[in-house]
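> Below you'll find the structure I mean.
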Amino acid sequence: MPKQKVLFICVHNSARSQMAAALLNQTCGEFFEARSAGLEPGTINPLVVEALHELGIDISKKTTQRVFDVWKSGQIFQFVVTVCSEAEAEGCPIFPGITSRLHWSFDDPSKFTGTHEERLERTRRVRDEIRAKIDSFCEGHRGASKE
């Protein structure tokens, strides 16, 4: 059975979408192939790199990409998941084909303030929230594939 393609989208493709794609690929890469993109790509958030590294995931060499470049490529995704606020998600394009569009709202680590340790702790919280959502998503798919 071919892997289902999933695209995670956030504003800058620097934190939430990167974490979601990395976690989905690690957790149930046998079922899904995840990518990520942003409305206005920035640079990978070093706190996200650090938080994922704690789980044995290295995204330090990843680059950001524009969602419209992915859209123009004509790729078909079975799931397009926005991981930003509702208002930000409205700016995301509609992808062609049979696509399930999901919205999972998470806090933006780029907006965290405080010391490095305080910002890292909040980033870990977001990472763990995304991981819980990914685990639930994977479990739903594993259950469906056994039927």
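The values are calculated or read from the model by the stated rules, or taken from the named source; none is laboratory data. Remember, it's a predicted structure, so these values are computed and weren't measured experimentally. Neighbour counts are summed over all protein chains in view; Cβ atoms, including those assigned to glycine, are modelled from backbone coordinates with ideal geometry.
> Considering only segment 30-63, how many residues are crowded, with 18+ Cβ neighbours inside 10 Å and among the hydroxyl-bearing types (Ser, Thr, Tyr)?
Residues meeting the conditions: 1.
> Okay, next question. Are any residues in segment 112-137 under 19 Å from residue 56 (Cα atoms) and not basic (Lys, Arg), and if so, which ones?
Of everything in segment 112-137, those that are under 19 Å from residue 56 (Cα atoms) and not basic (Lys, Arg) turn out to be 120, 121, 123, 126, 128, 129, 130, 132, 134, 135.
> Scan segment 26-41 and tell me whether some residue there is in contact (Cβ under 8 Å) with a residue 24 or more places away in the chain, of a type in the set (Ser, Thr, Tyr), under 19 Å from residue 123 (Cβ atoms) and touching a helix residue (DSSP H, G or I) at 6+ places or on another chain (Cβ under 6 Å).
yes
> Just the residues that are modelled with pLDDT of 90 or more and exposed (fewer than 14 other Cβ atoms within 10 Å of the Cβ), please, taken from segment 83-99.
Matches in segment 83-99: none.
> Another question, if that's okay. State yes or no: is residue 51 touching a residue at least 60 places away in the same chain (Cβ under 8 Å), assigned to a helix (DSSP H, G or I) and more than 13 Å from the chain's Cα centre (by Cα)? It would help to see each step written out before you state the result.
Numbers: touching a residue at least 60 places away in the same chain (Cβ under 8 Å): yes; assigned to a helix (DSSP H, G or I): yes; more than 13 Å from the chain's Cα centre (by Cα): yes.
Yes, satisfied.
> Step by step: first the residues of segment 64-81, then only those that are surrounded by 17 or more Cβ atoms within 10 Å (Cβ to Cβ) and out of contact with any Phe, Trp or Tyr (no Cβ under 9 Å at 6 or more places or on another chain), then the one that is nearest to residue 141 (Cα to Cα). Which residue is that?
So, considering only residues that are surrounded by 17 or more Cβ atoms within 10 Å (Cβ to Cβ) and out of contact with any Phe, Trp or Tyr (no Cβ under 9 Å at 6 or more places or on another chain), the one nearest to residue 141 (Cα to Cα) is 67.
> Let me ask something else. Check off (1) assigned to a loop (DSSP other than H, G, I, E, B); (2) at pLDDT below 95 for residue 80 and give me the number that stays unchecked.
(1)
> Checking the structure you have, find out if any residue of segment 20-43 is in a loop (DSSP other than H, G, I, E, B), of a type in the set (A, V, I, L, M) and in contact with a Pro (Cβ under 7 Å, 6 or more places away or on another chain).
No, every residue in segment 20-43 fails to be in a loop (DSSP other than H, G, I, E, B), of a type in the set (A, V, I, L, M) and in contact with a Pro (Cβ under 7 Å, 6 or more places away or on another chain).
> Among the residues of segment 114-125, is any aliphatic (A, V, I, L, M), at pLDDT 90 or above and within 13 Å of the chain's Cα centre (by Cα)?
Just the residues of segment 114-125 that are aliphatic (A, V, I, L, M), to begin with: 120.
With the extra rule that they be at pLDDT 90 or above, the set shrinks to 120.
Right, trim to within 13 Å of the chain's Cα centre (by Cα) and you get none.
Scanning segment 114-125, I find no residue that is aliphatic (A, V, I, L, M), at pLDDT 90 or above and within 13 Å of the chain's Cα centre (by Cα), so the answer is no.
> List, please: which pairs have Cβ atoms under 8 Å, are six or more places apart or on different chains, and start with a residue in segment 69-83 that is without any contact (Cβ under 8 Å) to a residue 40 or more places away in the chain and end with one that is surrounded by 10 or more Cβ atoms within 10 Å (Cβ to Cβ) and in a loop (DSSP other than H, G, I, E, B)?
What qualifies is 71/93; 71/95; 74/96.
> Taking the condition of a type in the set (A, V, I, L, M), under 19 Å from residue 137 (Cα atoms) and modelled with pLDDT of 90 or more, does residue 37 pass?
Considered against the rule, which asks whether it is of a type in the set (A, V, I, L, M), under 19 Å from residue 137 (Cα atoms) and modelled with pLDDT of 90 or more, residue 37 comes out as no.
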